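Okay, so here's the structure we're looking at.
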Amino acid sequence: MPSTVRLERIAERIKELLAALVLTKLNDPRLAGVFINEVKVDRELAFADVFVSAVEGADRSEEILAGFEHARGFLRHELAAQVDLRTFPRLRFHWDPTPEHADHIERLLASIRDEDKKKGEDVHGE
């Protein structure tokens, strides 16, 4: 069984190569503007869970995941040729809502700052 550090290195390498493949070798318009946020490899190296997002947000999540499902075999074959493993993990694609959550939190904080600024102006303006 690989060490935790080795699993992290494998996951990071898969993430880098997968991002490059999406940019250079895939011509699927469904995958335009996609980000590979994280890859997690299980301890047995059976599965690599790939977490993806896009600028447009969850509106295109089904379309993007369908594009990745369509390209799954090609991507696994290309990655296996570049990563030296006895057997290459099967790819599973998941939508990552983290960027959308972060954006929502940022907007909430900005609205709180705006309210505080208005309250400060009201106090000094009287």
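Taken together, the values in this text are just the output of simple stated rules run on the coordinates, not laboratory data. Please read all numbers here as calculations on a predicted model, not as lab measurements. Every residue, glycine among them, receives a Cβ derived from its backbone with ideal geometry; neighbour counts consider all protein chains shown.
If we count other beta carbons within 10 Å of each Cβ, what is the order of 5, 34, fewest first?
Ordered from fewest to most neighbouring Cβ atoms within 10 Å, 5, 34 come out as 5, 34.
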With Cα atoms, 0 to 90° folded angle of helix 4-24 axis to the chain main axis: 80 degrees
Stokes-Einstein diffusion coefficient of the chain, Kirkwood radius over Cα pairs, 37 °C, 0.692 mPa s, in µm²/s: 197 µm²/s
Contact order relative to length of the stretch 4-95, as percent, for alpha carbon pairs under 8 angstrom and 6 or more apart: 32 percent
Degrees separating the helix 61-82 axis from the principal Cα axis of the chain, which is the longest one: 40 degrees
Positive dipole terminus of the chain, leading residue within 34, 20, 66 (C-beta point charges): 20
Amide H contacts under 5 Å for residue 42, placed H, 5+ residues apart: 47, 49
